[in-house]
Amino acid sequence: MRFSPGLVLLLPLLSPLAHAELIDDVFDRGELRIAVQANTPPFNFKDDNKLTGFEVELGEELAKELDVRPSFITTDDSDLLPGVETGKYDVAINHIAMTAQLQDRFDFSEAYLEKPELAIPFQKGNPAFKTSLDRALQQIKADGRLKALSHKWFKDQPPAIAPMPEPLQATPAH
């Protein structure tokens, strides 16, 4: 059987493994698209129309570690996790606990808060992104920035987390 050179060049494009890794997309854009809700102080909220809060500052630090700029997109319950699932957003940093149900739909960073255990969800199947995100978090923990943020926003008291609204947990994957 004889293959044409054009067909050989197309074969990698037909492979399901040929899709780009999320980290490549982030680096190509030069930005990390971060979905948040802007009504959950002290995590994410607007102060004089400026987005601020613990997770906003954490997102800024993560983007700095990844050497990209942060791009915060405010959204609501109905779009937060579905937007991550479809690739509209790279991550959601919105005090999301790793539940078994969510772990079926998303991959997660390591935890950035232990009690309760909060982590950053992103699209499944992006191991290089997970490695990069976890390294960035580890650096932020190791050099004391995470502890400083936690003290600034929570005064070393574990934050009270309300249960996630039902639409975030119940949205079926398509």
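The values are calculated or read from the model by the stated rules, or taken from the named source; none is laboratory data. Please read all numbers here as calculations on a predicted model, not as lab measurements. Reconstructed Cβ throughout: ideal geometry from the backbone, glycine too, with neighbour counts over all protein chains shown. Surface accessibility is based on the protein's heavy atoms, side chains included, excluding ligands, DNA and RNA. Shrake-Rupley method; radii C 1.70, N 1.55, O 1.52, S 1.80 Å.
Any idea which of Lys88, Lys115 is part of a loop (DSSP other than H, G, I, E, B), modelled with pLDDT of 95 or more and surrounded by fewer than 16 Cβ atoms within 10 Å (Cβ to Cβ)? It would help to see each step written out before you state the result.
Working: Lys115 fails: modelled with pLDDT of 95 or more.
Lys88 is the lone residue from the list that is part of a loop (DSSP other than H, G, I, E, B), modelled with pLDDT of 95 or more and surrounded by fewer than 16 Cβ atoms within 10 Å (Cβ to Cβ).
Residues considered: Leu146, Leu133. Of these, the only one that is open to solvent by less than 30 Å² (accessible area, probe 1.4 Å), closer than 17 Å to Asp24 by Cβ and in a helix (DSSP H, G or I) is Leu133.
For the stretch 56-87, give me each residue that is among the small types (Gly, Ala, Ser) and on the phi > 0 side of the Ramachandran plot. Break it down into steps so the answer makes sense when it comes.
Initially, the stretch 56-87 is screened for residues among the small types (Gly, Ala, Ser), giving 59, 63, 71, 78, 83, 87.
The one that is among the small types (Gly, Ala, Ser) and on the phi > 0 side of the Ramachandran plot: Gly87.
Does Ala128 satisfy the criteria of being touching a residue at least 40 places away in the same chain (Cβ under 8 Å) and either open to solvent by 20 Å² or more (accessible area, probe 1.4 Å) or touching a Pro at 6+ places or on another chain (Cβ under 8 Å) (or both)? For Ala128, the condition - touching a residue at least 40 places away in the same chain (Cβ under 8 Å) and either open to solvent by 20 Å² or more (accessible area, probe 1.4 Å) or touching a Pro at 6+ places or on another chain (Cβ under 8 Å) (or both) - is met. Just one of (1) touching a residue at least 24 places away in the same chain (Cβ under 8 Å); (2) not in a helix (DSSP H, G or I) fails for Phe45. It is (1). Of all residue pairs spaced 6 or more apart or on separate chains, those with beta-carbon atoms under 6 Å, a first member in the stretch 60-89 that is within 16 Å of Leu133 (Cβ to Cβ) and in contact (Cβ under 8 Å) with a residue 60 or more places away in the chain and a second member that is open to solvent by 30 Å² or more (accessible area, probe 1.4 Å) and in a helix (DSSP H, G or I) are Glu61/Arg145; Glu65/Gln139. For the stretch 51-78, a residue qualifies if it is among the charged types (D, E, K, R) and open to solvent by less than 20 Å² (accessible area, probe 1.4 Å), and exactly one does: Glu55. Note on the stretch 30-39: residues that are in a strand (DSSP E or B), closer than 17 Å to Asp77 by Cα and open to solvent by less than 30 Å² (accessible area, probe 1.4 Å) total 3.
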